[in-house]
Amino acid sequence: MRLVLLGPPGAGKGTQARMLGERIHAPQIASGDLLREAVRDSTPLGVKARSYMDKGSLVPDELVLKLINSRLDQPDAKPGWILDGFPRSVPQAEALAGMLQQRGETISKVVAINVPDDELVKRISGRRTCRNCNEMYQVSFDPPAKPGLCNKCGGELYQREDDHEDTVRHRLQVYNNETRPLLDYYGKAGLLSEVDGIGRPEEILNRILAKIGESGSAKAAS
Ligand code: AMP
């Protein structure tokens, strides 16, 4: 299964990609995580990407495409993957199509997660991320068991520079200008399904599973 998850920042793509990945045994490939790792490791690519990311702007395509291309080459990505945060524009989608054509692969399905803007701003400005494993928490409705520490690995939680409210608004604008046209692009290609992104993570996972023909379903937490 080769899936693309679309949606504005804060729609829950990362959470869903992780849950789906466990469910369908495919790696989550998150361009934002790959970029943050490059920044953390101060690689030449990370150094170039950082200022764009801190502002909430898109990192130039040449950098992102390089990261994605080499990630798709790794053995665990051969049988399938879940792309989260990439592509983010029509030119990136066209570049992805070229990369897949070279590999003799095709996208199975594109799922867009819809959430209204006000809800997104609320969600993201309360978001905390693990420095070590990228797991995410929400201070109001999904806090960690021990304040400031990741439940999974004990890593330190921090607020991403680009999760502050003014930057979030800019990221939403970037989404509307650059990424939203992909709904039309993949809609015309007959690949797009849309799901409502409001609800508990397990409920949203079930909506996605139904769209990709993998029902059988995650248990909704009570
Ligand atoms: P995310 O974790 O997906 O919200 O991404 C965080 C930041 O990384 C974005 O605001 C961009 O600066 C950068 N980024 C992530 N994915 C891409 C992409 N596909 N193209 C360009 N920039 C990206």
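The values are calculated or read from the model by the stated rules, or taken from the named source; none is laboratory data. Just so it is clear, the structure is predicted and the values come from calculations on it, not from any experiment. For neighbour counting, all protein chains shown are included, and Cβ atoms are generated from backbone atoms with ideal geometry for every residue, glycine included. For accessibility, only protein heavy atoms count, side chains too; no ligands or nucleic acids. Shrake-Rupley method; radii C 1.70, N 1.55, O 1.52, S 1.80 Å.
Can you give the Rg and Dmax of the chain based on its C-alpha atoms, in angstrom?
Gyration radius and largest Cα-Cα distance of the chain: 16.6, 47 Å.
On alpha-carbon atoms, Rg over Rh for segment 1-115 using Kirkwood Rh?
My calculation of the ratio gives 0.94.
Under a plain spin-label model, where a point goes 7 Å from the Cα along Cα-to-Cβ, how far apart in nm are Leu149 and Asp166?
3.5
Put +1 on the Cβ of each Lys and Arg and -1 on the Cβ of each Asp and Glu in the chain; which of Pro79, Gly46, Val121 then has its Cα farthest toward the positive end of the dipole?
My answer, from the dipole projection, is Pro79.
Taking the Cα centroid of segment 128-152 and of segment 34-96, what is the distance between the two, rounded to the nearest whole Å?
Here the answer is 24 Å between Cα centres.
Within the P(r) computed for segment 114-158, what percentage of the Cα pairs occupies the region above 15 Å?
It works out to 40 percent of all Cα pairs.
Using a 1.4 angstrom probe on the protein heavy atoms only, could you order Glu165, Glu62 from most to least accessible area?
The ordering from most to least exposed comes out as Glu62, Glu165.
Please state the relative contact order of segment 74-222 as a whole percent: Cα pairs under 8 Å, 6+ residues apart?
Here the relative contact order equals 27 percent.
Give the total of Lys-Lys pairs in segment 1-115 with Cα-Cα distances below 20 Å; include a pair only if its members are 8 or more places apart or on different chains.
4
Roughly how many Å² of Val47 are accessible to a 1.4 Å probe, to the nearest 10?
We get 100 Å² for Val47.
What ranking do 144-151, 34-41 get when scored by the average of other Cβ atoms within 10 Å per residue, highest first?
34-41, 144-151
Nearest 5 percent is fine: what portion of the DSSP beta bridges confined to the chain is antiparallel?
Beta bridges within the chain, antiparallel portion: roughly 30 percent.
Could you work out the relative contact order of segment 140-222? I mean the mean sequence separation of Cα pairs under 8 Å and 6+ apart, divided by the number of residues, in percent.
13 percent.
Please list, in chain and number order, the residues 5+ apart from Ala30 or on another chain whose amide H is under 5 Å from its amide H, with Hs placed from the backbone.
Here Asp84 satisfy the definition.
Given the options Cys153, Val174, His164, identify the residue whose Cα lies farthest towards the positive end of the charge dipole of segment 138-186 (+1 on Cβ of Lys, Arg; -1 on Cβ of Asp, Glu).
Cys153
Using the scaling law 2.2 N^0.38 Å as the reference, what is the normalised Cα Rg of segment 56-148?
Cα Rg divided by the expected 2.2 N^0.38 Å: 1.35.
When the chain is fully extended, how far beyond the present Cα-Cα distance does Glu94 get from Asp142, taking 0.36 nm per residue of separation?
13.6 nm
Below 8 Å between Cα atoms, with a sequence gap of 6+, how large is the relative contact order for segment 1-48 in percent?
21
Any idea what the alpha-carbon Rg over 2.2 N^0.38 Å comes to for segment 99-176?
The reported ratio for this selection is 1.41.
Need one number: nm distance between label points at Lys188 and Arg23, each 7 Å from Cα along Cα→Cβ, rounded to one decimal.
3.1
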